[in-house]
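Asks: Let me give you the structure first, and then I'll get to my questions.
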Amino acid sequence: RVVGKHSQGDRRRRTRLRGVNPRFSAILVAAATLTCVRAAQADASHESTENELAPQTHLDSSLYVHLLGSAQLGRGLRLNNPFRLSKQLGDDGESLSLTARYLDLSAAILFGDPDGFQGGIATHTSFALAGIAQQVIAPGFIGLYRFSGRFGVLGRLGVPIVVQPNPGAGLEGAVGALFSLASGVGLTTELLYDVFWGAATQERSRTVFPVLAAQMGLFLNFEVLP
């Protein structure tokens, strides 16, 4: 009987366990699964937030810099010739005349949108290649708009300063274009309009003569991307 009682008690405990354990186990498994899913979602959301914020912070703290240099050959047309300079195109000394061929070297630094508008400062230095030694330095402002990776247009405003043969100054405006041939190298061309104030003549106490010029050459550029 003792054995029988023990056997009957054992059967009751086994019956109780069979009735309770499956439900309890299911609840535990469901709770554990839900906890793991929520933890995974929280980690994924945290990672996504960090990934979104990190690039934005990097871009905000970075700075785009565009270094641009060029070497161009050009020639100008004097629209007024008060000094009876050579290469006149008309019948008298006051006719239109051509300037000497010149070499123009430039350097510029620009800031802004790598794929859009950029602005900065530029300096152009021109040397006459024939005739009387002439040198002009023209510091000023430059703007560049890039339509694509290969093509862009530019504009300049500056103050050309005549270093030799006679000191003087004027105003300069220019428009041009850039076309990239390869990474960092391309073709450039500009159309310039200058107005210079010169020394007095027998006919006039103050002389003003505008010059329209065109130049073309190669450019080199280096970009520090954000």
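Asks: Looking for something within 21 Å of residue 209 (Cβ to Cβ), charged (D, E, K, R) and over 22 Å from the mean Cα position of the chain (by Cα) - is there at least one such residue anywhere in the range 155-174?
Replies: yes
Asks: Determine which single condition residue 209 fails, assuming it passes every other condition in (1) more than 17 Å from residue 98 (Cα to Cα); (2) open to solvent by less than 80 Å² (accessible area, probe 1.4 Å); (3) touching a Pro at 6+ places or on another chain (Cβ under 8 Å).
Replies: So residue 209 meets the others, but not (1).
Asks: Does residue 149 satisfy being exposed (fewer than 14 other Cβ atoms within 10 Å of the Cβ), assigned to a loop (DSSP other than H, G, I, E, B) and within 22 Å of the chain's Cα centre (by Cα)?
Replies: In short, yes.
Asks: Okay, moving on. Could you grab me the full set of residues in the range 119-146 that are in contact with a Gly (Cβ under 8 Å, 6 or more places away or on another chain), among the hydrophobic types (A, V, I, L, M, F, W, C) and open to solvent by 60 Å² or more (accessible area, probe 1.4 Å)?
Replies: 121, 141
Residues are listed down the side, and each one gets a yes or a no for (1) at pLDDT 95 or above; (2) more than 17 Å from residue 211 (Cα to Cα):
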site: 107; (1), (2): yes, yes
site: 137; (1), (2): yes, no
site: 144; (1), (2): yes, yes
site: 147; (1), (2): no, yes
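Asks: Cβ-Cβ distance below 6 Å, separation of 6 or more or different chains: which pairs start in the range 65-77 with a residue that is within 16 Å of residue 144 (Cβ to Cβ) and end on one that is of a type in the set (Val, Ile, Thr)?
Replies: Filtered contacts from the range 65-77: 65/224; 67/109; 70/188.
Asks: Could you go through the range 157-178 and let me know if any residue there is touching a residue at least 40 places away in the same chain (Cβ under 8 Å) and surrounded by 13 or more Cβ atoms within 10 Å (Cβ to Cβ).
Replies: yes
Asks: Given the condition touching a residue at least 60 places away in the same chain (Cβ under 8 Å) and of a type outside the set (Val, Ile, Thr), answer yes or no: does some residue in the range 109-126 qualify?
Replies: Scanning the range 109-126, I find at least one residue that is touching a residue at least 60 places away in the same chain (Cβ under 8 Å) and of a type outside the set (Val, Ile, Thr), so the answer is yes.
Asks: If you scan the range 82-105, which residues turn out to be in a strand (DSSP E or B) and modelled with pLDDT of 55 or more?
Replies: 97, 98, 102, 103, 104, 105
Asks: Here's another thing I want to ask about it. Here are 109, 121: which of them is within 12 Å of the chain's Cα centre (by Cα) and closer than 20 Å to residue 71 by Cβ?
Replies: Just one listed residue meets the conditions, 109.
The values are calculated or read from the model by the stated rules, or taken from the named source; none is laboratory data. The structure presented is a predicted model; accordingly, all values stated were derived computationally and were not measured. Please note: Cβ atoms are built from the backbone with ideal geometry, for glycine as well, and neighbour counts cover all protein chains shown. With ligands, DNA and RNA removed, areas are computed over all heavy atoms of the protein, side chains included. Shrake-Rupley method; radii C 1.70, N 1.55, O 1.52, S 1.80 Å.
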